[in-house]
Each structure stands twice: as structure tokens, then as C-alpha cells.
Amino acid sequence: MNSHDTPASNERRLRARFQLARANFGLDVDLDLPGHGVTALFGPSGCGKTTCLRAMAGLERAQGSMRVNDEAWQDDARGLWMPTHKRRLGYVFQEASLFPHLSVRQNIEYGMRRTPAPERKVALEQAVELLGIAALMDRRPDTLSGGERQRVAIARALAASPQLLLMDEPLAALDAQRKLEVLPYLDRLHRSLDIPVIYVSHSPDEVARLATHMVLMDAGRVIANGATQSLMSRLDLPLAHGDTASALIRAAVLSHDPADQLLTLESAAGLLHLPTARPHAIGETLTLRVMAREVSLSRAPLQDSSVLNSLTARISAITPEGPGQVLVSLDASGVTLLARITSRSCRQLALAVGDTVHAHIKAVLLLD
């Protein structure tokens, strides 16, 4: 759905239209977003992601309008402006920004006080459990790791029982190990709470793992708006190019072999096998990421190969991809895959749009 489509009347939506002019930058966006799940604002540094997020929060005075479900937070045409402190929102910054003189418990309780008791929908205990911080409650922020501080900051934002949770690159200030510590807790939020999240990021890995919907921005404008799974593999968008080019696949768990620590999943494209020591419930739906660099193509099925995953697919597009390489877009029974191969291989196989090939996947990443 684009920003001009009309959603069903009972469907929860977030609508924002902002215009902002500065000396060297202009923001001009018109958004109609799902009122549930995680929506990522994605794009390069300086594209306007944070400015858009701050306008949603009322921290940036852009011209236009902002509506969360049936409640208007801004409507300049009617002279309506709701200040930030009256908007039912939670905001998580790159830095945790905790009160250093308060304990973890007191920091979270401060967030709770923003919401009158009858309107609270997230209990302190629920926020604490979701973020796994029960053992930290009596500690001061200066005794916490960066990942722990950020988890406390998220819990404080949730404790305000927001209608909307805004997150401005909450993992950007963390090292790789701390990011891995926090990511599972971010995963749990949208599964456990019915609170829409707008998540600013320039990391394809974070977006692929967390967001079901994505807004791709550049130079203060929206260049694409839609399901993450669809946008990540569209050849006309920058996400589908470069070393991070990939496709997302949803697949259901069929079985787990504890001896080989191998998970077997069923997708619309066919069966997939994934090495993992962690068992999953039969029937559970998981999200897989397949990097374009991990997919090779052949005219005939592989024999006597160590590659476990091979799918039959039809070539839907071929486009140049850097020196001596091409990017091949594949349709595997409605599932999009990308393969980055050499131009020589493309010529030797005489690949053309419409051809049926076998896509051999050397590695599959589990995002859940």
C-alpha cells in the first residue's frame, strides 16, 4: 500500500505528512504505515530518518500532519498541535540517556509516571521481564554495560504504555557483542506487545531481522514504502545491490535432527535445511535470509555435492553488478531469490530471462 491508498476503516494506521526546509536539507514525506509491528525507516546517513522520527515525536516542528490510529497529534490545516509531553509515545535514543542519580528501578518508574494509572497497559514487571533486567533493578546506570543500559532505556520507554514506540538507531552506539545481546529482546517486543514501533536504522541486518515493513529514504524523500521482504530484493532499489544484497524467506519448521543438529523447513519455494543446535517447535514460522553471494546457479541439478539446499527457479531479471559480475533475480514459486555470479558464468550458461535454473544455496541465515 502506498501513501495514497485508502485503508480499511477498522485498520489501525499511522499517517504522517511532513515538510521541513533547512539551508542544506529538505524533508518532504507522505507516509501511511501499519499501526502494528515494526516499521523501519532505512537509508544512508543524512537522508532524513532521524528528522522524520523527531517530527513524529513533536521534537522537530515540521509542517504537515500526524495521526496515530484515530488520534491526531498534529494537523496544521486545523491549527492542531499536540506538544511532545502530551503525546503517548516512547522514545529510545542512540545513547541510553538514563538518569545517573537514579537506580534502574527508579528510572523505569519515572517512565511510568508519565501515564496516569488507569491508562497504563504495560506493567513494570512486564517491561522488566521482556527486557531481562530483573537482576539489575537496584543498580545505578554507571555500573551497567552499554547493552544493559540500552535495555533499561527501552524498558523505561515501554513503562509509559505508549501508543507508539520510536527508536532512533538504538544499537548504533554498541559494539558487535552488545548488539547481539540486545537484538533478541528487540525481537520479543513486537511479538509480546501490541505497540507499533518505528525503528530508524542504516543497518540492513537489523532491518531484515526486526522489521516487517520498511520505508526507504534518500535525500529527505521516500523512494519506496512496503513489506521488508519485498523491498529487500527489488533490483530497482539500492538494498538489492552491494555485498549485503539478499532475500528473505518465510519457512515453517518440519523437523529437527538432534544428531546432525539440522533443522528442516518448508517454504513456498521448497524444502530448506539449516544447521542449528537450538530446536524449534514443529510448525513454527521462521524468517531466513539468503545472501546473493551465497547462491550459485546451474542448468542441471547438482549431484554428489556438499550443498544441502537447491531450489528450482525461473530467471526474472539479470542486471550488471560491479566489475565482472551480474545480479540474477529468481522466482522460486513466488519466492524471490538473488544470485550474484560472474559475467563469464552468465555467458557460459547462456542465461536469459525466463530460463529455468537450479539455485544452490551455500548458507542460510536464521533471523529469528
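What follows draws every value from the coordinates through simple rules; no lab data is involved. Bear in mind that the values here come from a model prediction, so they are computed numbers and not experimental data. For neighbour counting, all protein chains shown are included, and Cβ atoms are generated from backbone atoms with ideal geometry for every residue, glycine included.
Summary of computed values
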| item | result |
| --- | --- |
| Cα-projected label distance for residue 260 with residue 299, points at 7 Å along beta-carbon direction, nm | 3.0 nm |
| Net length gained if the chain between residue 350 and residue 362 were fully extended (0.36 nm per residue, minus Cα distance) | 2.1 nm |
| Cα-based Rg of segment 13-231 normalised by 2.2 N^0.38 Å, two decimals | 0.99 |
| Sites matching trypsin sites (Lys or Arg not before Pro) across segment 110-180 that sit in DSSP coil, with at most 15 neighbouring C-beta atoms within 10 Å | 113, 120, 121, 139 |
| Hydrodynamic radius (Kirkwood) for the chain, which is based on Cα pairs only, to one decimal in Å | 22.4 Å |
| Calculated from backbone phi, Karplus (6.51, -1.76, 1.60) coupling profile of segment 77-83 in Hz, x at Gly/Pro | 5, 10, x, 9, 9, 9, x |
| The chain - mean residue ellipticity at 222 nm from DSSP helices (-39,500 (n - 2.57) per run, n ≥ 4, rounded to 500) | -5500 deg cm²/dmol |
